[in-house]
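Chemist: Here it is, the structure in full.
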Amino acid sequence: MNQYKGERLFEGTIYAVVAAMALACLLPLLHVAAMSLSSKAAVEAGRVSFFPVETTLAPYEYILRDGQYLTSFGVSALRTAVGTLVQLSTVVMMAYPMSLSKRYFPARNRYTTYLLFTSMFGGGLIPWYLLITSIGLTNNFAALIVPDMVNIGSAILMMNYFRNLPKALFESAQIDGAGHGRILTAIYLPMSLPIIATVTLFSAVGFWNDYFRGMIVMTKGRWIPLQTYIRSLTFDTASAQNNATLTNPTYMAMAAQISGRNFTAAKLMVAMIPLLMVYPFVQRYFVTGITLGAVKE
């Protein structure tokens, strides 16, 4: 009986700790969302907690009225889609040969050592920038994808996942005359949905959230990613209201409802919403992919 009570107490403690950690992640998000939907007066007075006060959509309207926002949103969406597909393809093509035994890939250990070395040591920002400019990628969409075509961490995760797949399947396919391309596409990939979903999530989040590439290599508005553009946005109340007098009363009333704090909160929410919409669809694969791809048996 005492053992049963001890187990229940332990389970209750675990649930309480997990609930506290969940609240620690959720409450700041709710606070930012509430600030983004609250009026300037309520935010400046510190009356906003986890629910909007004097609800207004003015900060979002101010962002959406800017044509550059829609352009940058499209750039980031395209970059995330293309970049994730390219990076996932390169990771799979790199992980498969490195998952084979030395009988089939004698130089496996050499390449693995090289990849680990490059993941720990880099050439630095200045050589990277000089390389990008020398090959003509400045103000080019390819500059947002090419430098991140290969992710070493994701390649190692997928390599270990492939190594944990039953060797009998590989050997049976070879006996039946299947080549490496057939084995990869018909056997390995269908059995690797958890790690593929995990790598896809890592890649998509990385491409969507990155602002530094755009800040360094993009000097024109056409290919500026959303995160770079949002980071550059600032709200000057006096300037906005002066400009509003030259336009229309509706815009002037909207500008009067915005402060630096609720405008910043709206920028954060705009940046997070796409990821919050995608994550629930891949979350069930996430833990499985990380667990099975992290350790080689």
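Chemist: With respect to the numbered conditions (1) in contact with a helix residue (DSSP H, G or I) (Cβ under 9 Å, 6 or more places away or on another chain); (2) loosely packed, with under 13 Cβ neighbours inside 10 Å, which one is the sole condition not fulfilled by Y129?
Modeler: So the condition that Y129 fails would be (2).
Chemist: Do any helices (runs of 4 or more DSSP H) entirely within region 1-88 hold 1 or more residues that are under 24 Å from the mean Cα position of the chain (by Cα), among the polar types (S, T, N, Q) and surrounded by 14 or more Cβ atoms within 10 Å (Cβ to Cβ), and if so, which?
Modeler: The helices (runs of 4 or more DSSP H) meeting that bar are 2-36.
The rows are residues; the columns are (1) buried (at least 16 other Cβ atoms within 10 Å of the Cβ); (2) at pLDDT below 80; (3) not in a helix (DSSP H, G or I).
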position	(1), (2), (3)
N139	no, no, yes
A142	no, no, no
A155	yes, no, no
M158	yes, no, no
Y161	yes, no, no
L169	no, yes, no
Q174	no, yes, no
G177	no, yes, yes
R182	no, no, no
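Chemist: Within region 92-105, does at least one residue satisfy the condition of being outside any loop (DSSP other than H, G, I, E, B), among the polar types (S, T, N, Q), surrounded by 13 or more Cβ atoms within 10 Å (Cβ to Cβ) and more than 22 Å from the chain's Cα centre (by Cα)?
Modeler: yes
Chemist: Inspect all residues belonging to region 215-226 and state whether any of them is among the β-branched types (V, I, T), modelled with pLDDT of 80 or more and not in a helix (DSSP H, G or I).
Modeler: yes
Chemist: Just checking, how many residues over region 184-198 are farther than 15 Å from M159 by Cβ, assigned to a helix (DSSP H, G or I) and not small (G, A, S)?
Modeler: 3
The values are calculated or read from the model by the stated rules, or taken from the named source; none is laboratory data. What you see is a predicted model; the values in this text were computed from it and never measured. Methodologically, a virtual Cβ is constructed for each residue, glycine included, from the backbone with ideal geometry; neighbour enumeration extends over all protein chains shown.
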